[in-house]
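This report concerns only the one structure given below.
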């Protein structure tokens, strides 16, 4: 993972940790598609999507449906 992508992921995790559902949703999508690490990580995608979906994210709920 290049430095810019790693920093973006760290920034998103920080925002999600502070309650940003949009950031959690973006992390879930990134892990689902592999856009940040260059490979998919469906375990992490499910974790972040579950968190975001519990807080009302419809996009995260869609990711969870695809993972089921």
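No value in this document is a laboratory result; all are computed from the given coordinates. Predicted model only: the values in this text are computed from it and were never measured.
Extension gain, residue 13-residue 61: 0.36 nm per intervening residue step, less the Cα-Cα distance, totals 15.4 nm. Can you tell me which of 28, 52, 16 moves the most in a GNM of the chain? Springs connect C-alpha atoms under 10 Å apart. Most flexible of the set in this elastic network: 16.
Stretch residue 20-residue 33 to full length: gain in nm at 0.36 nm per residue minus the Cα-Cα span?
2.7 nm
With an 8 Å cut-off on Cα pairs and a minimum separation of 6 or more residues, tell me the relative contact order of the chain in percent.
Across the chain, relative contact order equals 27 percent.
Where (i) 1.38; (ii) 1.01; (iii) 1.50 are the candidate values, the label of the one calculated here for Cα Rg over 2.2 N^0.38 Å is (ii).
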